[in-house]
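Encoded as C-alpha cells, the structure appears first; notes follow it.
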Amino acid sequence: MRITKVSYERHDLKLGVPYTIAYETIDKTSNFILKVETDGKWVGYGCAAPDKTVTGETPDEVEEAIKNEITDYLLGKDPFNYALLLFDLKFMLGKRKSSLAMVDSALFDLISKKAEVPLYKFLGGFRNSIPTSITVGILSLEETLRHAREYVAQGFTILKIKGGSSVAEDVEKMKKLNEAFPKVIWRFDGNQGYTVSEALEFEKQTATVGIEIFEQPTKIEAEDGLGEVTFKTTVPVMADESLKTLTDAFRLAQNKHVNMVNIKLQKVGGIMVGMHINSVAKAAKLEAMVGCIDECALGIAAGLHFALSRPNIKYADLDGHLELVGDPFKEVFILKQGVLYPTEKYGLGVN
C-alpha cells in the first residue's frame, strides 16, 4: 500500500457557546482535515486544531506545512512505516504539534482500516467505552448553575469547572454546585490561575465537595510550585499546560510534581507520542486522562480510540466538539448519557 494523493480542507468554525478560561475567552476555532489516499481502497483522515499557545502554530502555519512539507513527504510512502514517517515529520515540523497529530491520526486511520478493525482494537482494545466530563467555563454563579443543570439533564455525570480568577468565587461555585447536584463527579481546572497559597486555600475550603481532579492550578513557569501543591494536598493534581512533550512527562514524573497527566493529542503531537507519554506515566504510577482542545469530532475520535486502548488511561475529557457549529464529522462515535462509544467501523469510523 502506497500513498498516492494528499489533500485537505480548512474549516473555520464558530462555537455555539463561547467560554472563558483563566487567561482568555474563546469563541471560534480553525480545524484542518487531512485526507490521505492510497493505491488501494483505503483512505485515511486526520484532524489538526492549531492554537498558538497550546500547539505552537497558527492556522496559516498548518496550511503552509501541508502544502510545503507534509504532502511532498508523504507521497509514495508506505503508511505501515508510520514510526519512520512520524519520526521524520517530527523534525520537519518542529513545534507544530497539531500538524504532526493530524498526520499521525491519518496514518493510524489508514493502517487500522487495512487491518479491518476499529483503531482502538488495533492499538490494544483495553475497553470499549469511557465516560467523559463536560466543561463549564468561567461564568457567573447563576450561569454556571444553569449550564450544569442542562448538562446533568443531558445525562452527564462528570462536570469540569474552569476557574483560577478568584478563590472566593471558585469556592462558592463548587459548594453551590455540589449542593445542587450531589451525585455529580467534580473536576476543577485552575488553568494556571492560582498561586501556591491560593491553590492550597481552594483545596482546603472545598474539601467537603470531593473534587476528583485538581488540574493545573499554578503557572507552568513555576513548576516547583505545582509540586508543592501536589505534596500538600489530598486531591490528585493533574498536569495539563505543563505537559507538552515526552521530556516534560519524564521531568514531571521524576520530580514527583503531579499525581496525574492530561494527554491532549493535538498538544503533544498525536497517538504515537501519546503512547510514549502514557508509558512514562504508568512507570511512575501516574494515572492518565485524555483531553482535548476545540477540535471537531474527527479529532475527538482519535483521542477516544487512544483512551480506549490503554489500561492506564482511566479518565477522559473529550467534549471539545460539542459546541462547534457545522462539525462535519458528527457520526464517527456515539455519545450517550455522558459515555463515549466507538461505532465499531474500521479505523476512526470515517467511511
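Please treat every number below as a calculation from the coordinates, not as lab data. Remember, predicted model here, so these are calculated numbers, not experimental data. Using ideal geometry, Cβ is built from the backbone for each residue, glycine included, and neighbour counts are taken over all protein chains shown.
Taking the stretch 217-251 as the search range and keeping residues that are of a type in the set (S, T, N, Q) and not in a loop (DSSP other than H, G, I, E, B), which one is farthest from T55 (Cα to Cα)? The residue in question is T230. Of all the criteria given as (1) β-branched (V, I, T); (2) in contact with a strand residue (DSSP E or B) (Cβ under 6 Å, 6 or more places away or on another chain); (3) touching a residue at least 40 places away in the same chain (Cβ under 8 Å); (4) farther than 21 Å from K14 by Cα, the one not satisfied by V290 is (3). Within this structure, N312 fails the test of being closer than 22 Å to A106 by Cα and touching a Lys or Arg at 6+ places or on another chain (Cβ under 7 Å).
Return the total of residues in the stretch 174-216 being farther than 16 Å from I134 by Cα and either aliphatic (A, V, I, L, M) or in a helix (DSSP H, G or I) (or both). Please lay out each step first, then the result.
Going through the stretch 174-216, the residues farther than 16 Å from I134 by Cα turn out to be 175-176, 179-180, 182, 192-210, 216.
When the remaining residues are screened for being either aliphatic (A, V, I, L, M) or in a helix (DSSP H, G or I) (or both), the result is 175-176, 179-180, 196-205, 207, 209.
Summing the residues that are farther than 16 Å from I134 by Cα and either aliphatic (A, V, I, L, M) or in a helix (DSSP H, G or I) (or both) in the stretch 174-216 gives 16.
Among the residues making up the stretch 310-323, a single one is in contact with a Leu (Cβ under 7 Å, 6 or more places away or on another chain) and surrounded by fewer than 22 Cβ atoms within 10 Å (Cβ to Cβ): E323.
At least 3 residues that are touching a residue at least 60 places away in the same chain (Cβ under 8 Å), over 30 Å from H147 (Cβ atoms) and more than 18 Å from the chain's Cα centre (by Cα) in each: list the helices (runs of 4 or more DSSP H) lying fully within the stretch 1-94 that qualify.
Numbers: elements: 59-65, 71-74, 82-93.
Ranges flagged: 82-93.
Restricting attention to the stretch 148-165, the residues that are surrounded by 15 or more Cβ atoms within 10 Å (Cβ to Cβ) and either polar (S, T, N, Q) or free of Cβ contacts under 8 Å to residues at least 12 places away in the same chain (or both) add up to 2.
Can you give me the number of residues within the stretch 324-343 that are among the β-branched types (V, I, T), touching a residue at least 12 places away in the same chain (Cβ under 8 Å) and surrounded by fewer than 23 Cβ atoms within 10 Å (Cβ to Cβ)? First the steps, then the outcome.
From the stretch 324-343, those among the β-branched types (V, I, T) are 325, 332, 334, 339, 343; that's our starting set.
Applying the additional criterion that residues be touching a residue at least 12 places away in the same chain (Cβ under 8 Å) yields 325, 332, 339, 343.
Next, only the ones that are surrounded by fewer than 23 Cβ atoms within 10 Å (Cβ to Cβ) stay: 325, 339, 343.
Counting residues in the stretch 324-343 that are among the β-branched types (V, I, T), touching a residue at least 12 places away in the same chain (Cβ under 8 Å) and surrounded by fewer than 23 Cβ atoms within 10 Å (Cβ to Cβ) gives 3.
If you go through the stretch 99-116 and keep only what is buried (at least 16 other Cβ atoms within 10 Å of the Cβ) and more than 28 Å from R10 (Cα to Cα), you end up with nothing.
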